[in-house]
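Participant: To start, I am sharing the structure in question, which I have written as structure tokens.
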Amino acid sequence: LQAQSDSLPAEFSVRLVNGTTSCSGTVEIFYRGEWLGLCTSWWSMMKEVKFVCRELDCGNPVAESGGPLVEDGKRRVILDRCYGNEYSIRHCDFIREPGVCIGRNYHQVTCSESVRLVDGAGLCSGRVEVKSNQSWASVCEADFDRQDAEVVCGELGCGAPAALQGGLYREGEGQTWDKEFLCKGKESLLLDCDTSDRKHNICLPGNAVGLTCSEPDDVRLVGGGSRCAGGVEWYDQGEWRTVGSEDWDVAAVVCRQLGCGSTVSVLPGDTTRGFRVDCYGSESSLRECSRTYDLLPGLTVICSESVRLVDGAGLCSGRVEVKSNQSWASVCEADFDRQDAEVVCGELGCGAPAALQGGLYGEGEGQTWDKEFQCKGKETLLLDCDTSDRENNTCLPGNAVGLTCSEPDYVRLVGGGSRCAGGVERYDQGEWRTVGAEDWDKTRTNVAAVVCRQLGCGSTVSALPGNTTRGNNIICYGSEPSLRDCYRMYDILPGLTVICSDLLVQPDISLTDSMGGVSRGHQGPEVFRDYSFTITCSTQPQYPGGSFLLTFTGSNRTQTQPAVNHSAAFLFPAADDSHQGNYRCVYENYVFSHNFSSESELLSLTITASPLPAFIIRHVVVLLILLTAITTSYLYYKPTRRQKRVNRVSSMDLYVNAMEMVSLSSRAEAGPGEERAAQGTE
């Protein structure tokens with residue numbers, strides 16, 4: 001037992017009791033004059049256990065387990081949550097009154113005593129430090145080899161050494177260990193190894209040894225036909241146990257820990273024997289995540305085996321890396337094209353490629369893939385594609401290819417008359433399922449923001465409870481690129497109805513005329529001066545009513561007409577130079593108690609001089625109409641002699657009528673003097 005001093009300990013002091021060393025045992029907290037057991041529904045190696053080891057000046061967390069049940073009615077210190085960066089338990093969140101824990105366990109912790117890894121990305125990486133005379137000292141690279149590293153990795157509960165290098169995790173601020181380790185690799189503790197005096201008295205800057213151990217083999221995927229697919233199991237307290245969870249972040253950590261690429265799919269299993277695990281998604285291993293003993297359906301995960309996207313904003317973006325000889329290599333931009341990208345996006349369960357560029361997501365720290373991919377775009381896996389030797393032996397900095405795939409089409413809004421409005425549904429396990437959300441404005445709004453973003457529908461206008469109770473609860477922070485990056489719960493909540501800002505489809509704009517005065521020029525459509533033309537605005541039939549606003553770029557001149565049969569026509573009787581410019585249709589409608597609008601593309605219009613006067617063109621048009629009428633009459637009637645005479649008379653009437661139309665047209669074009677001259681001629 002750890003001895004209690006004669007004077008009272010400070011409030012929130014920590015000790016470990018009933019353990020085999022001073023750095024192992026059951027956690028107790030000194031609170032209000034007595035030592036109380038720690039009570040929390042959450043417990044994780046990286047967060048809560050880390051502060052215990054730190055406060056007791058021990059090394060890294062090595063093991064954690066739930067102890068015996070807290071006795072009924074016995075008071076405990078109730079811990080709400082720690083975040084892992086606290087120096088002391090005093091900075092964690094507490095329920096300040098000691099309470100009674102029902103159905104909870106004591107917490108037993110084992111920390112390393114004399115060695116630790118600091119400033120690393122997780123529990124199994126960092127700068128090696130050894131405890132010497134009650135203070136911690138870094139170790140010089142020259143005094144530490146792979147056999148020494150094997151002992152340290154084993155002592156900390158990690159896997160085999162993966163990287164060993166001076167300066168890998170910066171320099172320590174304290175002293176340097178003054179001995180050279182001579183481990184054989186089989187010792188249980190680093191301080192059990194033989195040592196010798198250092199050959200050199202000083203350790204130059206940049207030589208404090210950094211160590212990366214592989215993650216422990218305490219996680220596996222079973223029943224999926226591959227080490228990278230199946231139900232998640234965690235080796236805990238001497239047996240393999242099912243892991244239950246509700247989100248993709250746990251799957252991301254599992255895939256990372258197993259060295260299996262990116263997460264492809266996550267499904268609930270068929271068991272309820274899984275203790276609950278929650279991760280942020282950035283952890284190196286599951287033991288850094290939070291764990292509770294609530295039972296949830298087991299989790300089935302499918303990871304990609306040989307390709308992944310890293311350092312991106314979500315599951316469908318990042319730097320392309322390929323697995324080569326059990327390590328990951330970035331791919332040079334010159335060796336990777338759009339057809340290769342289509343295969344990668346498909347293999348990762350994402351949509352079509354949206355962006356492909358070297359340096360888009362930074363440079364990789366490891367090696368570069370030494371082949372050029374030659375996919376046809378239809379392969380299932382990237383490594384199924386043909387490859388060839390790279391033309392250039394080097395890949396210049398800034399050319400590690402980054403890829404952004406579109407999000408998969410497994411979210412939709414239904415029943416709202418638009419792809420951007422309606423009840424939220426998610427395609428899951430072969431069917432469309434209703435999505436529910438907590439009845440809190442912020443929770444609903446966060447989910448709605450992710451839905452609108454994933455669908456490319458702008459921002460959220462409203463998020464309201466739906467009329468169904470069949471929805472699986474989804475919880476988002478609001479910044480996720482897609483719903484599968486959010487937490488999924490198994491409680492059933494009312495469905496969610498979302499309306500996004502891009503509710504209305506983009507209207508169309510078109511140009512027509514009745515006189516042949518429109519032509520296609522190099523810069524777009526052209527209209528002959530003095531000719532009439534019509535600009536038509538139209539939209540798909542979504543909602544009744546609404547109106548069209550025709551805007552003219554560079555001018556305040558606008559025209560508005562109500563939408564009739566979802567369109568409106570704007571007539572211009574005679575084109576002149578003031579009509580040249582850019583036009584746009586804006587469709588406006590009041591729907592779901594909100595005003596919405598949508599703009600068409602720009603129509604650039606040029607006014608040009610006609611090659612012939614307008615009245616000549618009109619004459620030609622009338623004569624063509626006449627010729628068509630006479631030809632039709634001649635070809636499609638088989639008249640008798642009498643009928644022929646009648647037809648000749650009819651044809652003559654057509655001719656006379658046509659000539660009158662020509663005459664009237666000529667008068668309209670002519671001035672008053674010309675008109676009187678024409679009458680005299682007649």
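The values are calculated or read from the model by the stated rules, or taken from the named source; none is laboratory data. Please read these numbers as outputs of a predicted model, since none were measured by experiment. Positions of Cβ are backbone-derived with ideal geometry, glycine not excepted, and every protein chain shown enters the neighbour counts.
Participant: So which residues in the stretch 295-316 are aliphatic (A, V, I, L, M), modelled with pLDDT under 90 and surrounded by 20 or more Cβ atoms within 10 Å (Cβ to Cβ), if there are any at all?
Facilitator: LEU296, LEU299, LEU315 - these are the residues of the stretch 295-316 that are aliphatic (A, V, I, L, M), modelled with pLDDT under 90 and surrounded by 20 or more Cβ atoms within 10 Å (Cβ to Cβ).
Participant: Look at GLU129 and say whether it is acidic (Asp, Glu) and surrounded by 22 or more Cβ atoms within 10 Å (Cβ to Cβ).
Facilitator: Yes.
Participant: Condition check: at pLDDT 85 or above and assigned to a strand (DSSP E or B). Does ARG241 satisfy that?
Facilitator: yes
Participant: Given the criteria surrounded by fewer than 14 Cβ atoms within 10 Å (Cβ to Cβ), of a type in the set (Ser, Thr, Tyr) and either over 30 Å from GLY415 (Cβ atoms) or out of contact with any strand residue (DSSP E or B) (no Cβ under 7 Å at 6 or more places or on another chain) (or both), does SER510 qualify?
Facilitator: no
Participant: Among strands (runs of 3 or more DSSP E) lying entirely in the stretch 79-189, which contain 2 or more residues that are outside the structural domain of PRO205 (by TED's automatic domain parsing) and modelled with pLDDT under 90?
Facilitator: 93-100, 105-111
Participant: I would also like to ask the following. Which of the residues spanning the stretch 469-487 are among the aliphatic types (A, V, I, L, M) and in a strand (DSSP E or B)?
Facilitator: Matches in the stretch 469-487: ILE474, ILE475.
Every residue, every condition in (1) under 24 Å from GLU342 (Cβ atoms); (2) assigned by TED's automatic domain parsing to the domain that holds TYR477, yes or no:
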position: GLN357; (1), (2): yes, no
position: GLY362; (1), (2): yes, no
position: GLU365; (1), (2): no, no
position: TRP369; (1), (2): yes, no
position: GLU372; (1), (2): yes, no
position: LYS378; (1), (2): yes, no
position: PRO397; (1), (2): no, no
position: CYS420; (1), (2): no, yes
position: TRP432; (1), (2): no, yes
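Participant: Related question: Can you go through THR394, THR387 and tell me which one is over 22 Å from ASP247 (Cβ atoms), free of Cβ contacts under 8 Å to residues at least 24 places away in the same chain and in contact with a helix residue (DSSP H, G or I) (Cβ under 9 Å, 6 or more places away or on another chain)?
Facilitator: THR387
Participant: Just a yes or no: is a residue in the stretch 387-402 within 21 Å of the chain's Cα centre (by Cα) and farther than 30 Å from ALA162 by Cα?
Facilitator: no
Participant: Next question. Among the listed residues GLU48, GLU11, identify the single one that is over 26 Å from LEU211 (Cβ atoms), of a type in the set (D, E, K, R) and either out of contact with any strand residue (DSSP E or B) (no Cβ under 6 Å at 6 or more places or on another chain) or at pLDDT 85 or above (or both).
Facilitator: Sole residue among the options that is over 26 Å from LEU211 (Cβ atoms), of a type in the set (D, E, K, R) and either out of contact with any strand residue (DSSP E or B) (no Cβ under 6 Å at 6 or more places or on another chain) or at pLDDT 85 or above (or both): GLU11.
Participant: Do any strands (runs of 3 or more DSSP E) entirely within the stretch 488-575 hold 1 or more residues that are at pLDDT 90 or above and not hydroxyl-bearing (Ser, Thr, Tyr), and if so, which?
Facilitator: So the answer is 496-500, 508-512, 524-528, 533-538, 547-552, 558-562, 567-572.
Participant: Next question. So which residues in the stretch 192-216 are surrounded by fewer than 18 Cβ atoms within 10 Å (Cβ to Cβ) and in contact with an Asp or Glu (Cβ under 8 Å, 6 or more places away or on another chain), if there are any at all?
Facilitator: THR195, SER196, ASP197, ARG198, LYS199, PRO205, GLY206
Participant: Give the residue that is farthest from the chain's Cα centre (by Cα), with candidates limited to residues of the stretch 132-156 that are among the small types (Gly, Ala, Ser) and surrounded by fewer than 21 Cβ atoms within 10 Å (Cβ to Cβ).
Facilitator: SER132
Participant: Return the residues of the stretch 445-475 that are modelled with pLDDT under 90 and either more than 20 Å from PHE596 (Cα to Cα) or buried (at least 21 other Cβ atoms within 10 Å of the Cβ) (or both); say none if nothing qualifies.
Facilitator: If the condition is that a residue be modelled with pLDDT under 90 and either more than 20 Å from PHE596 (Cα to Cα) or buried (at least 21 other Cβ atoms within 10 Å of the Cβ) (or both), then PRO465, GLY466, ASN467, THR468, THR469, ARG470, GLY471, ASN472, ASN473, ILE474, ILE475 are the ones that fit.
Participant: Right, another one. Do we have any residue at all in the stretch 209-231 that's of a type in the set (S, T, N, Q) and modelled with pLDDT under 80?
Facilitator: no
Participant: If the Cβ limit is 7 Å and pairs must be 6+ apart or interchain, which residue in the stretch 403-432 that is more than 22 Å from ALA313 (Cβ to Cβ) pairs with which residue that is exposed (fewer than 14 other Cβ atoms within 10 Å of the Cβ) and not aliphatic (A, V, I, L, M)?
Facilitator: GLY422/GLY415; GLY423/GLY415; GLU425/TRP432
Participant: Tell me, which strands (runs of 3 or more DSSP E) wholly within the stretch 317-427 include 3 or more residues that are among the hydrophobic types (A, V, I, L, M, F, W, C) and crowded, with 16+ Cβ neighbours inside 10 Å?
Facilitator: Output list reads 401-405.
Participant: How many residues are of a type in the set (S, T, N, Q) and touching an Asp or Glu at 6+ places or on another chain (Cβ under 6 Å) if we restrict to the stretch 250-269?
Facilitator: 1
Participant: Would you be able to tell me the number of residues in the stretch 277-316 that are under 21 Å from LEU267 (Cβ atoms), among the small types (Gly, Ala, Ser) and not in a loop (DSSP other than H, G, I, E, B)?
Facilitator: 1
Participant: Condition (residue is surrounded by fewer than 19 Cβ atoms within 10 Å (Cβ to Cβ), over 30 Å from PHE51 (Cα atoms), modelled with pLDDT of 85 or more and in contact with a Pro (Cβ under 9 Å, 6 or more places away or on another chain)) applied to the stretch 255-276: is it met by at least one residue?
Facilitator: Within the stretch 255-276, none of the residues are surrounded by fewer than 19 Cβ atoms within 10 Å (Cβ to Cβ), over 30 Å from PHE51 (Cα atoms), modelled with pLDDT of 85 or more and in contact with a Pro (Cβ under 9 Å, 6 or more places away or on another chain).
A quick yes/no check of all residues on (1) surrounded by 22 or more Cβ atoms within 10 Å (Cβ to Cβ); (2) over 30 Å from PHE592 (Cα atoms); (3) small (Gly, Ala, Ser); (4) touching a residue at least 24 places away in the same chain (Cβ under 8 Å):
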position	(1), (2), (3), (4)
MET489	no, no, no, yes
LEU503	yes, no, no, yes
GLN523	no, yes, no, yes
GLU526	no, yes, no, yes
ARG529	no, yes, no, yes
THR539	yes, no, no, yes
TYR543	no, no, no, yes
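Participant: Looking at the stretch 397-412 only, could you name the residues that are of a type outside the set (D, E, K, R) and out of contact with any helix residue (DSSP H, G or I) (no Cβ under 7 Å at 6 or more places or on another chain)?
Facilitator: The answer is PRO397, GLY398, ALA400, GLY402, THR404, SER406, PRO408, TYR410.
Participant: Looking at (1) in contact with a Phe, Trp or Tyr (Cβ under 6 Å, 6 or more places away or on another chain); (2) in a loop (DSSP other than H, G, I, E, B), can you tell me which one ASP439 breaks?
Facilitator: So the condition that ASP439 fails would be (1).
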